[in-house]
Amino acid sequence: MISDEAVAQRLSELGHPTRLAVYRLLVKGSKTGMTVGDVQQQLGIPGSTLSHHLSRLIQAGLVQQTREGRILRCQVDMDALDEVIDYLKAECCTL
């Protein structure tokens, strides 16, 4: 079971407009994820800014990043999203 702190951290990170935009783009992306360059190009975010926001999403456990040679690929951890949704349903929406 996910902790209250982990849920709060994930929701907090998604509460930032830029991180939410990155996350939404990655959710809509393919199952294999997107390269950092593709995310940067589609959202028009400077590289250092994008790196900061991706780091926060990775630390919260919402995004995973893998290296393919010189390319970084980002992918949403759907299990992490499911944990937050299940937590909210169980703790906030019981009938």
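Each reported figure results from applying straightforward, stated rules to the coordinates on display, with no laboratory input. Everything numeric here is computed off the predicted structure, so don't read it as measured data.
Membrane-span-like helices in the chain: DSSP H runs reaching 20 Å or more (Cα, own axis), mean Kyte hydropathy at least -0.5? TM-like helix candidates: 78-92. Full extension of the chain between I71 and V27 gives 13.9 nm of extra length, using 0.36 nm per residue less the Cα-Cα distance.
Here is how the number arises for the chain: DSSP H runs of 4 or more residues each give -39500 (n - 2.57), the sum is divided by the residue count, and the result at 222 nm is -19000 deg cm²/dmol.
If you look at the Cα atoms of the chain, you get an Rg and a Dmax of 13.9, 50 Å.
From largest to smallest, the equivalent ellipsoid semi-axes obtained for the range 13-68 from the alpha-carbon gyration tensor read 14, 13, 12 Å.
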